Amino acid sequence: SQKIEQNSEALNIQEGKTATLTCNYTNYSPAYLQWYRQDPGRGPVFLLLIRENEKEKRKERLKVTFDTTLKQSLFHITASQPADSATYLCALVGNTGKLIFGQGTTLQVKP
Amino acid sequence: DAGITQSPRYKITETGRQVTLMCHQTWSHSYMFWYRQDLGHGLRLIYYSAAADITDKGEVPDGYVVSRSKTENFPLTLESATRSQTSVYFCASSQTNQSPPQHFGDGTRLSIL
């Protein structure tokens, strides 16, 4: 069956360090993958999209990689700040053509 | 400001009641979506709409009804609420097709007693 897996355990890091979040998928062949940020009590906010022919995408302190062989995307936040604390969701288009979301990983950046 | 507005933000109702969640977007996006978000499941698609008067089922449509008479509005109705429908409901829209990116409202937290 098709699955998207994100680490359900919260990731706790110290301010200034690089946070790395993982998104693994099985039985999909997505043309692109998206990352969203969700703050408590708010809806998800789109951050980045990476296509299958792109190895890496950057936006300010954010970097996303996409390895279609490993079926994995990594989401990096460099020089992390307490304001980066949130839940991060990965999403891809499933075989039905609908957007499928992972459960999200909560990041806590401590000052 | 342009965006997606969901109402109400919070709702408590009883089993068996009908309840309607409202969603309004000001972008004139063609596509609109309803998701529910539960612990352990992430976001799951309930229904979506490609345009006015065009709707289709998502992953978990049972017990829900949608309509889209106007491009900007996409209400979700629980015809006879059940406790299993207690959840946080998110409406989203996108410009051209089902995918990138989707813009979300801030959700309706629905509790069914």
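The values are calculated or read from the model by the stated rules, or taken from the named source; none is laboratory data. Small disclaimer: the values here were computed from a predicted structure and weren't measured. Neighbour counts run over all protein chains shown; Cβ positions are idealised from the backbone, glycine included.
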Quick one: A:Leu48 ticks every box in (1) farther than 19 Å from A:Ala79 by Cα; (2) facing chain B (nearest Cβ under 10 Å); (3) of a type outside the set (Val, Ile, Thr) except a single one, so which number is it? (1)
Residue that is farthest from A:Lys63 (Cα to Cα) [pool: residues in the stretch A:24-46 that are of a type in the set (A, V, I, L, M) and not in a loop (DSSP other than H, G, I, E, B)]: A:Val45
Restricting to the stretch B:38-67, and then to whatever is within 13 Å of B:Thr20 (Cα to Cα) and not small (Gly, Ala, Ser), can you tell me which residue is surrounded by the most Cβ atoms within 10 Å (Cβ to Cβ)? B:Val66
Out of the residues in the stretch A:82-103 meeting the condition of being small (Gly, Ala, Ser) and touching a strand residue (DSSP E or B) at 6+ places or on another chain (Cβ under 6 Å), tell me which one is nearest to the other protein chains (Cβ to nearest Cβ). A:Gly102
Selected residue (criterion: farthest from the other protein chains (Cβ to nearest Cβ)) from residues of the stretch B:72-97 that are crowded, with 19+ Cβ neighbours inside 10 Å and part of a loop (DSSP other than H, G, I, E, B): B:Ala81
Look through B:Met32, B:Met22 and report the one residue that is more than 10 Å from every other protein chain (Cβ to nearest Cβ), at pLDDT below 95 and outside any loop (DSSP other than H, G, I, E, B). B:Met32
Closer than 30 Å to A:Glu9 by Cα, in a loop (DSSP other than H, G, I, E, B) and within 14 Å of another protein chain (Cβ to nearest Cβ): does that describe B:Val60? yes
Of all residues in the stretch A:53-76, which are surrounded by 13 or more Cβ atoms within 10 Å (Cβ to Cβ) and either of a type in the set (A, V, I, L, M) or part of a loop (DSSP other than H, G, I, E, B) (or both)? A:Glu54, A:Arg61, A:Leu62, A:Val64, A:Thr68, A:Lys71, A:Leu74
